[in-house]
1. Work out, step by step, the length gained on full extension between Gln49 and Trp133: first 0.36 nm times the residue separation, then minus their alpha carbon distance; give nm to one decimal.
2. Scan around Val158 for amide H atoms under 5 Å from its own, H built in the peptide plane at 1.01 Å from N, and keep only partners 5 or more places away or cross-chain.
3. Take the alpha carbon gyration tensor of the range 167-274, find the square roots of its eigenvalues, order them as a ≥ b ≥ c, and report rounded if a/c is under 1.5; if not, report prolate when a/b exceeds b/c, else oblate.
4. Evaluate E = 1/(1 + (r/R0)^6) for Glu307 and Thr329, where r is the Cβ-Cβ distance and R0 equals 35 Å; express this FRET efficiency to the nearest 0.05.
5. What residue among Val196, Val140, Val21 has the largest mean-square fluctuation in a Gaussian network model of the chain, using Cα springs under 10 Å?
6. Please name which of Ala153, Ala190, Val170 has its Cα lying farthest along the dipole of the range 144-220 towards the positive end, using unit charges on Cβ (Lys, Arg +1; Asp, Glu -1) and the Cα centre as origin.
7. Going through the cross-link list Lys87/Lys154; Lys174/Lys328; Lys44/Lys165; Lys44/Lys202; Lys195/Lys220, which pairs have a Cα-Cα distance over 22 Å in this structure?
8. Which value, in Å², gives the accessible area per residue of the range 78-173 when a 1.4 Å probe is used on the protein heavy atoms?
Amino acid sequence: MKHAVLVAGGTGGHINAALAVGEALMSEGWDIQYLTGKRPLDYKLFKGQNVRHLDSKPLRTNNPIQLFKNVMMNLMSFFIILVSYLKNRPKFIVGAGGYVCGPTLLAGHLLFIPVFIIEQNAVMGLTNRILGWISTRIFVHFTKTRGLSNTLAKKVRVVGNPTRKAIQPVSAKKFDGELKVLVFGGSLGATQINKVIFDVLKHPSVNSMAIHHQLGGDQKAPEIQTIVKYQPMNYIDNMQQEYEWADVIISRSGASTVSELAIIKKPVLIFPYPQATDNHQVYNAQIFKEEADFTVEILDPKLSHEECVKRTQEFLVKASREELKYSKTPSPGNHTCDEILREIKTNVGLA
């Protein structure tokens, strides 16, 4: 059986991209191994998969002692995986993001195994900027990807972001008078968005409204007296069902979220994560808005809580009055995995 390795860790965007490519490969009969780190999402999202967890650490730190420790941990992971590749040599390795990609893709490159990287965000991460030099191809989500040098441009293929087959285009539905609002802040939730929604519930700007709210992690909703139909959830298991139910969406702008919203094509209010590395969620949102043929409103991460509540209320009022723009063009779905695999197979001689 043909064997390939997929590497990702740390965020839902990275991990979901790897899972999407793995899903496509397994449907073709490939044997897949995932390599990841030991952060909470690495365990949660890879649960049930053929996965190996490694002690990988970031190189971004101003503490020289911590940097030395992190380098040593990455070297240990490098040698562990080097031995693993020698025992069970993969046809290729794909890195979908996260610092775990550093030692694992470098080990493959030194054994002359073709390596490929996926950059989902509008700003190329530090690890991918380094790995770009040893990668056969660099698959990017956005045409405008910051941090990508001109020297590496010949390796770049703009393919979008890999999305799992569970996320499919939804049919347009007629507004029935009750505004249905889907709120989520990524795999671990978003405290900023949660607090805004709690205040919206206290003083709703729309009387006939239902809110499905993914709180994330262990966060709990306070006891709030409200006229709104409110359903809090720690985690959404069937995202497709929620997308079909909703009239409008409130969310972050991580790579996997933005790629799913591009398929769903419903009006969205975006709260970019203010602490995102290299401010990439702001750039994700801006480019997404430029390319969308439906309403995309973006809140400045520096806005006060009170202003965020006010802007959210205004967005919901416009939605209830049917003043937001809906797409008139059906989504073709996401074919990124097909394009990535076609390119990989051509480069490793399997086409």
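1. 27.3 nm
2. Val140
3. oblate
4. After rounding to 0.05, the efficiency reads 0.60.
5. Val196
6. The residue sitting farthest along the positive end of the dipole is Ala153.
7. Where the Cα-Cα span goes over 22 Å, the pairs concerned are Lys87/Lys154; Lys44/Lys202.
8. Here the residues of the range 78-173 average 44 Å² of exposed surface.
The values are calculated or read from the model by the stated rules, or taken from the named source; none is laboratory data. Bear in mind the structure is a predicted one, so any value in this text is a computation, not a measurement. Virtual Cβ from ideal backbone geometry, glycine too; neighbours counted across all protein chains shown. Note: areas computed on protein heavy atoms with side chains; ligands, DNA, RNA excluded. Shrake-Rupley method; radii C 1.70, N 1.55, O 1.52, S 1.80 Å.
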